[in-house]
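Read the figures in this text as sums done on the coordinates, not as results from a lab. Computed from a predicted structure; not experimentally measured. Here the Cβ positions follow ideal geometry from the backbone for every residue, glycine too, while neighbour counts run over all protein chains shown.
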Amino acid sequence: MNTITILWVDDEIDLLKPHILFLQNKGYQVTTSPSGQDALDELAVGSFDIVFLDENMPGLSGLETLSELKKIDPTLPVVMITKSEEEYIMDEAIGSKIADYLIKPVNPNQILLSLKKSLDNSRLVSERTTANYQQEFRKIAMELSMVNSHEGWADLYKNLIYWELQLEEIEDSSMFEILESQKTEANNQFSKFVDKNYPDWFEDDDAPVLSHNLFKKWVVPELKDNSTLLVVVDNLRYDQWLAFEDVVTNSYKKKKESHYFSILPTATQYARNSIFSGLTPLQMEKQHPNWWKNDTDEGGKNLFEANFLEAQLKRLNLDLKWDYHKISSLKQGKQLVQNFGSQKDNDLTVIVYNFVDMLSHSKTEMEVIKELASNDKAYRSLTLSWFKNSPLLDIIQQAQQMGKKLIITTDHGTINVKQASKVIGDRETSLNLRYKTGRSLTYQEKEVLAAKDPKQIHLPNINVSSSYIFAKNDLFFAYPNNYNHYVSYYRNTYQHGGISLEEMIIPFVVLEAK
């Protein structure tokens, strides 16, 4: 390990001899400077890992020296040490991106702690995180063999996400690979759980909140005491919400964070229409045949969301002033930003934002997006970058100024597909990569959940002999014709429609304006 070099700048440097000896005995190399200008001269001819800088010096002050140091090397960690407790000095030092701020008198252990925080933080955090996950690994493995409720699966999934976010920041990639294998096993077991229990969720009082009862059970109670902005970010996974949560909470404080389960298929035309209609797909087909479209029908499948919502509000006897907006482009988003003042007196404003959906689909079309979102970590990062620069953030900030309550949710999540599963169907078979519906489907039975009687899971029959199949874990369906090209094209893209923790267990967050 290379010796860490320290430049210590203080006009009373001789009084610090005990501290310097302490650090030298710990293996650090310390160079001293009695003034700011002398420190700049040292930095001109040599490099250092960190600078300890006295604030109150004759000639160049500490703050002036700090400014010059940052011009020479903006990444050099600087620890400001001062007798002064003046707030403006703290503000200026912190504003100049110092690594730490210590007030004299300081003892050697304070100096040592500051060094470790500034230079050794990554290694120490990595070692501690690795050790903690190694302990948690056994607990997660045990839970995987025992979990048998939808609440248990949600808790386990959130725990896996927590560790994924922790481990992706450390240097030990082997731990991350172990976690990935646990996620795969979790999805295998979760698929079996869904296969066994999903049909009962439509009748069971202990069932999770599903897409078709989300609005009635969780949104409506929030409408009673405040004007509300409901944002449905299409295709938003739980980990993607966590990626930009801090940006939202600059303007809002979180009142409730929960989850609900997307219905099957975890696809927009089924799940999002169910949210706004308050009905299952089978009920939508029967009650609103002019608005519901099956997979084989021509035309857009989500063109009547506002109509579905209006019908649900009437059915629930809710007399509200409300508005609905679907944003599918940057231009539409900017237009809503400009006109959002018109929403001030609404009881409910609903915004469907399609960016994440466009991103996940475009990933199959654009090599640039494939590079930018090559894995879950990159996918989260790209989502955060978009959100911080999006019209949606402007809209949320305007809503906060109006004092509106904010609800953020989604219709389903998405998963990075890595393995192909062969399927054969006729020309009427649906095109989605994670589910298929049609007649005479041939498939690998172990790799799918099959619904031979769609009505049992509240899905419409397109034909008398139609069935549905749903891909499990990270599989995607591919036809035997031109199989290798098809697999290569879609592998490592983000898809939805099937059964996975990422697609089915999705966020529902209520926030109040700060």
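Each Cα pair under 8 Å and six or more residues apart adds its separation to the average, and for region 123-200 the resulting relative contact order is 40 percent. Considering only Ala378, Tyr101, Thr266, the residue lying farthest towards the positive end of the dipole of the chain is Thr266, judged by Cα position with unit charges set on Cβ.
For the chain, just run the numbers: alpha carbon Rg, then divide by 2.2 N^0.38 Å, N being how many residues it has. Present the calculation step by step, with values, prior to reporting the outcome.
Values: Rg = 28.4 Å, N = 514, 2.2 N^0.38 = 23.6 Å.
Rounded to two decimals, the normalised Rg is 1.20.
Between 0 and 90 degrees, the angle of helix 108-119 with respect to the longest Cα principal axis of the chain falls at about 40 degrees. Quick check: from the Cα gyration tensor, does region 106-220 come out rounded (a/c under 1.5), prolate or oblate? Prolate is the answer for region 106-220, as a/c is 1.5 or above and a/b outweighs b/c.
Considering only alpha-carbon pairs that sit under 8 angstrom and 6 or more positions apart, the relative contact order computed for region 1-67 is 41 percent.
With n ≥ 4 as the cut-off for DSSP H runs, can you work out [θ] at 222 nm for the chain, using -39500 (n - 2.57) per run divided by the number of residues, rounded to the nearest 500?
Working: 20 runs with 223 residues, N = 514.
Theoretical 222 nm ellipticity from helices: -13000 deg cm²/dmol.
For the chain, the longest principal axis of the Cα atoms and the long axis of helix 36-45 meet at an angle of about 70 degrees. Between the alpha-carbon centers of region 212-245 and region 48-80, tell me the distance in whole angstrom. Taking the Cα centre of region 48-80 as reference, the centre of region 212-245 is 47 Å away.
Please state the relative contact order of region 5-119 as a whole percent: Cα pairs under 8 Å, 6+ residues apart?
On the way: 166 pairs, mean separation 27.9, N = 115.
Relative contact order here is 24 percent.
Between the listed residues Ser149, Thr82, Gly278, the Cα displaced farthest toward the positive end of the dipole of the chain, a dipole computed from Cβ unit charges relative to the Cα centre, is found at Gly278. Here region 405-451 and region 104-119 have alpha carbon centers that stand 56 Å from each other. FRET efficiency for the Met402 to Tyr101 pair, using the beta carbon distance and R₀ = 35 Å, is estimated at 0.35.
What you get for the chain, charging only the Cβ of Lys and Arg (+1) and of Asp and Glu (-1), is a dipole of about 2060 debye around the Cα centre. Qualifying trypsin sites (Lys or Arg not before Pro) in region 185-292, where qualification requires a DSSP coil assignment and no more than 14 other C-beta atoms within 10 Å, comprise Lys224.
What is the list of residues in region 200-235 whose amide nitrogen lies under 18 Å from a point 7 angstrom out from the Cα of Asp319, following Cα to Cβ? Taking a point 7 Å out along Cα→Cβ of Asp319, the residues of region 200-235 whose backbone N falls under 18 Å are 223-227. Give the angle, between 0 and 90 degrees and rounded to the nearest 10, that separates the Cα long axis of helix 173-197 from the longest principal axis of the Cα atoms of the chain. Taking Cα atoms only, the helix is inclined about 20 degrees.
State the extension gain, in nm to one decimal, for the chain segment bounded by Ala141 and Asp225, taking 0.36 nm per residue of separation less the distance between their alpha-carbons.
That pair, Ala141 and Asp225, stretches by 25.9 nm at full extension.
For region 198-301, the list of GluC sites (Glu not before Pro) that fall in a loop by DSSP and count at most 16 other C-beta atoms within 10 angstrom reads Glu203, Glu298.
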